[in-house]
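Each value in this text was obtained by applying a stated rule to the coordinates, not by laboratory testing. Computed from a predicted model, the values in this text were never measured in an experiment. Every residue, glycine among them, receives a Cβ derived from its backbone with ideal geometry; neighbour counts consider all protein chains shown.
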Amino acid sequence: MSGRRTHGREQRPGWLARSVLLAILLGPSIGAEAAELYVGQGLVPVRNFQPLQGLSLQMPVDGAMPLKSGEVSLRANFAETSTILRETTATGTALLKFGQLRSAVDIRYGTAMEDIEIGLEFASLYRHSSGLDGMITAVEALVGRPAPIRQQLKNQGYAFSLGRGPALLNPPNDAFGLTDIVLHVKALLVAEGRYKPATSLRVALKVPVGDRTRAFGTGVADLGVGLSLQKTVWNRVGLYLNLNEALPTGHYSGLALRGYFTMVTGVEFMATPKFSVTGQFDYYQSPFGNTGLKLLDNGVTEAVLAFGYRFTPSLLWQIYGVENLDFTRDSAADLTIGTALTYRIPRK
């Protein structure tokens with residue numbers, strides 16, 4: 001009995017030493033692999049979905065890191081927006097009540113010049129009698145915040161009418177068409193460090209190809225410039241910031257266009273290597289000014305809740321909802337629900 005107990009005590013130090021040695025040899029590689037698995041999925045591709053303000057250039061919402069040289073990214077984005085706005089002033093009248101489906105494809109390429117990518121986004125709009133009214137009304141009743149305008153216009157079908165002076169905009173129901181095309185470039189200025197965020201300079205140009213008479217485009221080119229910053233903290237949390245300034249080059253249907261500022265901030269929590277939750281706050285200054293109509297002049301403030309799932313290292317699916325915060329009232333779209341699918345083709 002005593003010999004077996006002594007033999008047992010002699011074995012334990014041997015197993016312990018081997019375990020410690022194995023942990024020393026494998027620990028760094030296991031830790032590095034685990035750290036690499038938590039890759040930020042980034043912001044969701046929101047924009048100002050207000051039907052009139054959103055016709056001007058909306059800088060692509062983006063992270064700071066450009067594609068590697070030779071890589072290609074393909075992203076399809078679909079967003080359904082419900083809008084209900086009504087306003088009558090001494091200078092004009094407006095009634096907007098409809099749904100709008102925006103379908104977009106964004107193609108990006110990592111150039112031979114390291115840390116620079118170029119991209120092209122083209123999109124279409126389909127406006128129709130909103131199918132989200134019932135859901136929105138139910139949610140408003142559930143939270144005890146019914147919107148008076150929705151109750152007042154519950155029997156009103158599709159409506160899109162804007163009149164100001166001699167200008168009149170009245171596109172038809174079930175209208176479908178291509179919008180203006182956006183060319184964009186991103187260049188990394190500062191790589192992410194221990195305390196500093198990755199920072200990129202972005203430039204975009206909106207090419208007017210959309211039909212302005214049917215409210216698919218403004219008919220003028222816009223130039224935008226901005227900064228994109230991102231920083232990973234605590235291994236699983238990503239912080240994002242987009243700051244942009246856009247400069248239109250003309251007028252839209254007799255309405256003056258001005259330079260305007262937009263900002264998107266976001267916090268992403270990577271719950272697992274494949275699943276993440278992101279909250280965003282967005283502010284869009286209006287491209288219109290001094291029209292006398294709030295829905296044209298006032299900016300838009302919105303909150304976003306998004307979920308992302310990475311099926312493979314190359315395939316990412318995101319879904320999101322956008323809610324008007326009413327910090328600036330009577331100007332924003334009511335509700336947007338969207339989804340985006342991104343596929344990255346690695347360099348050969």
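Phi angles of segment 201-210 translate, via the Karplus equation with coefficients 6.51, -1.76, 1.60 and θ = phi - 60°, into HN-Hα couplings of 9, 10, 9, 9, 10, 9, 9, x, 10, x Hz per residue; Gly and Pro are given as x.
Neighbour counts of other Cβ atoms within 10 Å put Asp106, Asp62, Asp115 in the fewest-to-most order Asp115, Asp106, Asp62. Summarising the amide proton neighbourhood of Val207: residues at separation of 5 or more, or on other chains, whose placed amide H is nearer than 5 Å comprise Ile181, Val182, Leu183.
The residue list Asn244, Val322, Phe288 was ranked by how far each Cα lies along the charge dipole of segment 41-345 toward its positive end, using unit charges on Cβ atoms, and Val322 comes out on top.
What the phi angles of segment 257-269 give under the Karplus curve with 6.51, -1.76 and 1.60, with θ = phi - 60°, is a coupling list of 10, 10, x, 9, 10, 9, 8, 10, 10, x, 10, 10, 10 Hz, glycine and proline written as x. 3J(HN,Hα) along segment 94-109, derived from phi through the Karplus expression 6.51 cos²θ - 1.76 cosθ + 1.60 where θ = phi - 60°, amounts to 8, 9, 10, 8, 5, x, 9, 9, 10, 10, 9, 10, 10, 10, 10, 9 Hz, with x in place of Gly and Pro.
Taking the empirical scaling 2.2 N^0.38 Å for compact globular proteins as reference, segment 40-97 has a Cα radius of gyration ratio of 1.68. In plain terms, the bigger the Kirkwood radius, the slower the diffusion; for segment 200-348, with that radius from Cα pairs, at 4 °C and 1.567 mPa s, Stokes-Einstein puts D at 74 µm²/s.
Output the pairs from Lys186/Lys294; Lys97/Lys231; Lys68/Lys196; Lys196/Lys274; Lys206/Lys274; Lys97/Lys186 with a Cα-Cα distance over 30 Å in this structure; if there are none, say none.
Lys186/Lys294; Lys97/Lys231; Lys206/Lys274; Lys97/Lys186
Give me the distance between the Cα centres of segment 262-322 and segment 207-239, rounded to whole Å. Cα centroid of segment 262-322 versus Cα centroid of segment 207-239: 12 Å apart. Orientation-averaged projection of segment 41-345 equals 15.7 nm² [convex hull of Cα atoms, one quarter of hull surface area]. For segment 205-254, the equivalent ellipsoid derived from the alpha-carbon gyration tensor has semi-axes of 35, 12, 7 Å in decreasing order.
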